[in-house]
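The values are calculated or read from the model by the stated rules, or taken from the named source; none is laboratory data. As the structure is a computational prediction, the values presented were derived from the model and not from experiment. Note: ideal-geometry Cβ built from the backbone for every residue, glycine included; neighbour counts use all protein chains shown.
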Ligand SMILES: C[S@@+](CC[C@H](N)C(=O)[O-])C[C@H]1O[C@@H](n2cnc3c(N)ncnc32)[C@H](O)[C@@H]1O
């Protein structure tokens, strides 16, 4: 792990482990984004024998992919063992029998080369700040002629909360999400072709700032930056954050913006001359 990494990966993994049992209770937005990501498969004719849900969490995507492709083996990979336990617990009959649960890191996939005609991922790649390495691994496990489809978060996500904290103490309290304006370029540079990206801005409403922060914590999605403040927040500072955020209140509650980036791309069936993708992780 290099010291210049912004996210504390060990802390992040532990946060997702802790979040796993209660994740589904607060994951409305995640399910909505997964549905919108999965909808994009309506326009693609595929009958994959094997699909990968990268960052499977509690298995929402695995269940949907298993139902959509009744012949497919459904592989769910996640860095948090607890998430996979939940996914297995909730697996549906008819899909469980052809589901495989793999604990591993997107940056070093413990999976074979060229194995998956479809690599799906919803709201996971924003946790991989080294996007080129993650995409190189996806490329490696994606079958020639295969499709990668994912959603992730862009830098405007939770801007209201970031600004409220910045005004209160100038600290880094919100993760900086990857600048996904470059996601298409990164996919092209990896070797993928017919790249399509689009952005959706969603506003989610919360009863108050504390509720929003608790919800992020329950998702495992709270601040995992290395430079996060390590001390307890004095009540006066929290009040200052609340005061600033309250200025944005609408009849529905306090708004939180999520900038959702969708991308899909194909791995050419035959190697493209001159394209030599740089592999981020060692093949297993
Ligand atoms: C916001 S959740 C999304 C889960 C699921 N895809 C969904 O839509 O509900 C992000 C998931 O990515 C996993 N994750 C984060 N970083 C990862 C990495 N480097 N490799 C594999 N999984 C990772 C987390 O453990 C968590 O389950």
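Of the residues making up the range 165-183, those that are surrounded by 17 or more Cβ atoms within 10 Å (Cβ to Cβ) and in a helix (DSSP H, G or I) number 4.
Only residues that are part of a loop (DSSP other than H, G, I, E, B), within 14 Å of the ligand (Cβ to nearest atom) and buried (at least 18 other Cβ atoms within 10 Å of the Cβ) were counted across the range 130-164, and they come to 2.
Would you check if residue 222 is at pLDDT below 95, loosely packed, with under 12 Cβ neighbours inside 10 Å and assigned to a loop (DSSP other than H, G, I, E, B)? Judged against the criteria, residue 222 is not a match. Residue check: residue 63 meets all listed conditions (1) more than 17 Å from residue 92 (Cα to Cα); (2) within 11 Å of the ligand (Cβ to nearest atom); (3) more than 14 Å from the chain's Cα centre (by Cα); (4) modelled with pLDDT of 95 or more but one, namely (1).
Filtering the range 80-107 to residues that are assigned to a strand (DSSP E or B) and touching a helix residue (DSSP H, G or I) at 6+ places or on another chain (Cβ under 7 Å) leaves 99, 101, 103.
Residues are listed down the side, and each one gets a yes or a no for (1) free of Cβ contacts under 8 Å to residues at least 12 places away in the same chain; (2) touching a helix residue (DSSP H, G or I) at 6+ places or on another chain (Cβ under 6 Å); (3) in a strand (DSSP E or B); (4) within 12 Å of the ligand (Cβ to nearest atom):
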position: 67; (1), (2), (3), (4): no, no, no, no
position: 76; (1), (2), (3), (4): no, yes, yes, yes
position: 111; (1), (2), (3), (4): no, yes, no, yes
position: 119; (1), (2), (3), (4): no, yes, yes, no
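If the condition is being surrounded by 15 or more Cβ atoms within 10 Å (Cβ to Cβ) and either over 27 Å from residue 145 (Cβ atoms) or more than 7 Å from the ligand (Cβ to nearest atom) (or both), then the range 34-45 contributes 36, 37, 38, 40, 41.
Taking the criterion of being more than 8 Å from the ligand (Cβ to nearest atom) and either in a loop (DSSP other than H, G, I, E, B) or surrounded by fewer than 24 Cβ atoms within 10 Å (Cβ to Cβ) (or both), the residues of the range 49-58 that qualify are 49, 50.
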